[in-house]
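Notes follow once the structure below has been shown.
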Amino acid sequence: MTLGYTIPAGFPAVACPSSWLRRILQNIIHNSLKFTPEGGRITVQTNLRSEGVEIAVIDTGVGIENSDIPKLFDSFYRGRNTLSSSVEGVGLGLTIVRHLIEQCGGKIEIVSQVDKGTIVKVIFQESSD
């Protein structure tokens, strides 16, 4: 498994406590690790957007059915591709992640293709401090 990240020098701080940001990224990256087979890739990228700072976690994992994406943030929901596998979890991780992101004034977006991978984008406002 390869995990890479890119954070440009001088990147602005975001309006989110560092402990929350750490938990958000740990959860998203952990999900990518769970659903990306051996030999796959996970990349973390940061970008400046007009609406703020974007952090994207991109993987070459099993992907998510389009019909499952809106339900991923529901408590205890597990996508169909996890029900028959030995992947552990109760389905609370993304619920917590979305709550933390929204408390920071941010948003989360997921784009995925089955058997191709998933992109999770989190967008935060820049910190005014």
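Here are some notes:
Residue-wise test of (1) among the aromatic types (Phe, Trp, Tyr); (2) closer than 23 Å to Ser50 by Cα; (3) at pLDDT below 90; (4) surrounded by fewer than 13 Cβ atoms within 10 Å (Cβ to Cβ).
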residue	(1), (2), (3), (4)
Arg80	no, no, yes, yes
Gly91	no, no, yes, no
Val97	no, yes, no, no
Cys104	no, yes, no, no
Gly117	no, no, no, no
Val122	no, yes, no, no
Glu126	no, yes, yes, no
Asp129	no, yes, yes, yes
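- Positions within region 48-78 being within 21 Å of Arg23 (Cβ to Cβ), of a type outside the set (D, E, K, R) and either at pLDDT below 85 or exposed (fewer than 13 other Cβ atoms within 10 Å of the Cβ) (or both), in sequence order: Phe73, Ser75, Phe76, Tyr77
- Residues in region 32-47 that are open to solvent by less than 40 Å² (accessible area, probe 1.4 Å) and not hydroxyl-bearing (Ser, Thr, Tyr): Gly40, Ile42, Val44.
The values are calculated or read from the model by the stated rules, or taken from the named source; none is laboratory data. No experiment lies behind these values; they were computed from the predicted model shown. So basically every Cβ, Gly included, is an ideal-geometry build from the backbone, and we count neighbours across all protein chains shown. Note: areas computed on protein heavy atoms with side chains; ligands, DNA, RNA excluded. Shrake-Rupley method; radii C 1.70, N 1.55, O 1.52, S 1.80 Å.
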